[in-house]
Amino acid sequence: MIEVTVNLLATFRTDRFKDELQQVCEGTTVGSLVSALGILEKEVGMALVNGRHAPMAHPLSHGDVLHLAPWIAGG
Amino acid sequence: MDKIFRVDMSALNCSVEPVPSAWAALGGRALTSAIVAEEVPPACHALGANNKLVFAPGMLSGTTAVNSGRLSAGAKSPLTGTIKESNAGGTAAQVLARLGVKALIIEGIPKGDGWYGLVVNKMGVRIVEEKELIGKGNFAVIEALEKRLGKTGVLTIGPAGEMKMLAANISVRDADGKLRSHGRGGLGAVMGSKRIKYIALDGADAPAVPLADPAKFTAAARTFAKAIMNHPGTGQGLPTYGTAEMVNIVNAAGGLPTRNFMHGRYEHNEKISGETLRETIIERGGNPSHGCQSGCIIKCSQVFLDKKGKYVTSGLEYETIEILGANAMIGDLDVIAEADHLMDDIGIDSIETAVAIGVAMEGGVLPFGDGQGVLRLLREDLRAGTPLGRTIGSGAGNVGKLYGVTRVPVVKNQAIPAYDPRAIKGIGITYATSTMGADHTAGYAVATNLMGVGGGIVDPLKKDGQVELSRHLQIATVMLDSVGLCLFIGFPSADDPTCVPAVVDMLNARFGLELTPEWFGGLGVTTLKAERAFNLAAGFTNEHDRLPEFFREPLAPNGAVWDFTGEEIDQFWNF
C-alpha cells in the first residue's frame, strides 16, 4: 500500500471531502482513484499530481499530492 | 439611426453627427480603438486637452441577447501611455444603445476650475455645472442622481478620478444601484482631467433597439443562451462560486501570487477560496449568484454581507480577493470585502491598487498581512489624497520606484494581475504583448493552460504553443469586447461549435448584414494592429513587450522560471 493525499476542489467536495490522506494499492492510477471516488473521468477538468498536470493513466507514487477539479473555466 | 454624440469640453458644446461609413460595422472596443487611433495624437499627454475619452456600447448591447451589455471605454491611458480599452457591465451600454448612441466622444478640457456633469438623452447631450457632488464617493453620486433624475444609467468618478490618480477608474451603475467598473488603465483620471464628475444616461422614452430580422434574431439568441448554459464553465462553475473559484485551482497549480509574487502557493488559500466565499455568503443570507446586468445568465457576481447581515459589496472578484488575500497576505474575506467597497467608492482600480499595496508592503510602508492597515490606507490616505494616498493611487510601478523595490510586477507600467506568469506561461505572453499593458482579460490563456478549454491543455509550465495560444485568444477577445459580450462567452465560443455562428446570426439579424464567422478574425487582427500602431507611434518598441527581470527567479513549488527570450515573444506579432 502507498499513501496519497487527495485534494478535491469545487463541486467534487459535495458529499465527499476536502482533503484526505488515502491508502491505495501500488499501481493505482489517477484514473482508477477517480473512479473509486465515484467521479466520471470526463467530469475531471484538471488533475494535478504534485502541482503538475497528469493524464488519467499516470501511476501514483507514495507521498504524491493529487488535486482534482471539475470543469471550471476561469475568473 | 445610430449617431455619434460628441462633447467638446473646451468650448462647452455638444453635437450629434452621422456615423462615418468606416465605423458603421463596429462597436465596443473595435470602435473605441478605431476612434482613438484616428483622432488622438499618440504622443499627446494623456491628461491634456488632446486626449479623448470615448464610450461605445457593444454591437449587440440593448438587444435581448443575453450577456451582451458590456460598455467599452477608450482613450490614451495615463497609467501606461498606450492606447486603452476597458469594458464593464452594468446598465450603461444598454441605455446608450437604446438612445442610438453609437459612440460618445468627449474631447478638450474646460477653462477654469469648475466641474460638470453630462446628461445624455434621446435629444443629445447637455453639459451642466456641478458643485454639490464634488469630492463625493461614487455611491453618494449614484444616490443623488437617482433623487434628481430617477433611475438613469450612470457613469461616475470618485475622489481618485477627481485627483487624476493614475489608477482611477470609471464606475457604472448596475441594475441594483451598485457599481461595476471600467477598472484598468486610469480612465477615471482622463474623465477627471475633462472635469466631468458624472454622465447620466436617461433612457426614458427611448425606443427598443431595432432589429432587421426579429424572428432570426430570436432563434439565434436562443441557441446562444443554450451554448452558455451547456458549458460547465459558464453554466456551473461561475454561477456557483463566482470568479473566486480560481483561488484553489491556481494555488494547486503553483501560480497563486503570494507575498508580492514571492511564492506560488498561499498556506491559507482555503480562507479566501470560492468555496469558502460561497459558504460564507449563504450562511449570512447574501446572494451567491447575482448578475451585473439585466440579461445576464451566468451570474458570477454575488452580494456579500457582513457578520451582522449588512450589505458590504457585490462583484467581489478573484483578482481583488487573491491580490489582497494572498499577495498582500490578508487572508480574511471580511477585510477584503470592506476594502473592495472602499475602492469602489473612492473610484480606484482594485487590481492596480491591490498590487501597489503588495509592492508598498515589500517597501516597508506597512507589514504583509496588515488588513486593518490597508483599510486605514484606503480610508484616510487614498480618499483624502495625502502624499502616501496619491503614491499608492499612482499604481504599482510608481510605488516600486519611490520605495526602491525591485520586485515590481508590471508590464508597460500596468500591474500584473493574479496569475504568476512563471507557472502559467500562456498568460505571461498575454501580459507581455497585450496592447493594454499587463491584462489577463486581453487573452485569457489560463483556461487553456489549466483546464484545456478550447481543445486540450497547453502545458502551463512549458513554452510550447503559448505564443500561438495567446495570439489566438487576443484576436478572439476583440470579438467579445466589440460585440459587447461578457468575457466568459469565450469559453462556450471555444468549445461549442454553435456559439460563434449564433453570435454572427444575431449580428446579421440586428443590422441586416451578411457577416461570416471569419469576419470576426479580420476584426480582431485589424483592431490589434491599429492598437499596436498607436503604441509604436507613442514611442513603444518590442523591448516594452517584456516581463520584469525578477520573473527569471524560480517560483516555489514548481521551480518555474520565465524563460522566454525576447525573440520568442516577438513572434507574437507575426500575423
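A few remarks follow.
- Among the residues listed as B:256, B:238, the single one being in a loop (DSSP other than H, G, I, E, B), within 22 Å of the chain's Cα centre (by Cα) and within 14 Å of chain A (Cβ to nearest Cβ): B:256
- Restricting B:365, B:355 to residues that are in contact (Cβ under 8 Å) with a residue 40 or more places away in the chain and β-branched (Val, Ile, Thr) narrows the list to B:355.
- All helices (runs of 4 or more DSSP H) inside segment B:307-416 with 1 or more residues being within 18 Å of residue B:162 (Cα to Cα) and within 14 Å of chain A (Cβ to nearest Cβ): B:350-362
- Any hit, segment B:220-230, residues being more than 23 Å from the chain's Cα centre (by Cα), facing chain A (nearest Cβ under 7 Å) and not in a loop (DSSP other than H, G, I, E, B): no
- Scanning segment B:180-209 for residues being under 28 Å from the mean Cα position of the chain (by Cα) and part of a loop (DSSP other than H, G, I, E, B) gives a total of 12.
- Residue that is farthest from residue B:253 (Cα to Cα), among those in segment A:1-31 that are hydroxyl-bearing (Ser, Thr, Tyr) and surrounded by fewer than 18 Cβ atoms within 10 Å (Cβ to Cβ): A:14
- Residues of segment B:425-456 that turn out to be within 13 Å of the chain's Cα centre (by Cα), small (Gly, Ala, Ser) and away from chain A (no Cβ under 13 Å), as a count: 3
- Residue within segment A:12-30 that is in contact with a Ser or Thr (Cβ under 9 Å, 6 or more places away or on another chain) and within 12 Å of chain B (Cβ to nearest Cβ) present: yes
Here is a yes/no grid of residues against (1) among the hydroxyl-bearing types (Ser, Thr, Tyr); (2) in a helix (DSSP H, G or I); (3) crowded, with 24+ Cβ neighbours inside 10 Å; (4) under 15 Å from the mean Cα position of the chain (by Cα):
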site	(1), (2), (3), (4)
B:17	no, no, no, no
B:31	no, yes, yes, no
B:35	no, yes, no, no
B:45	no, no, no, no
B:69	no, no, yes, yes
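- Of all the criteria given as (1) within 14 Å of chain A (Cβ to nearest Cβ); (2) at pLDDT below 95; (3) in a helix (DSSP H, G or I), the one not satisfied by residue B:558 is (3).
- Long-range neighbours under 9 Å by Cβ, at least six apart or interchain, first residue within 10 Å of residue A:48 (Cα to Cα) and facing chain B (nearest Cβ under 7 Å) within segment A:61-74, second among the acidic types (Asp, Glu) and surrounded by 22 or more Cβ atoms within 10 Å (Cβ to Cβ): A:69/B:245
The values are calculated or read from the model by the stated rules, or taken from the named source; none is laboratory data. Everything quoted here is computed from the prediction, not taken from an experiment. FYI the Cβ positions are ideal-geometry reconstructions off the backbone, even for glycines, and counts take in every protein chain you see.
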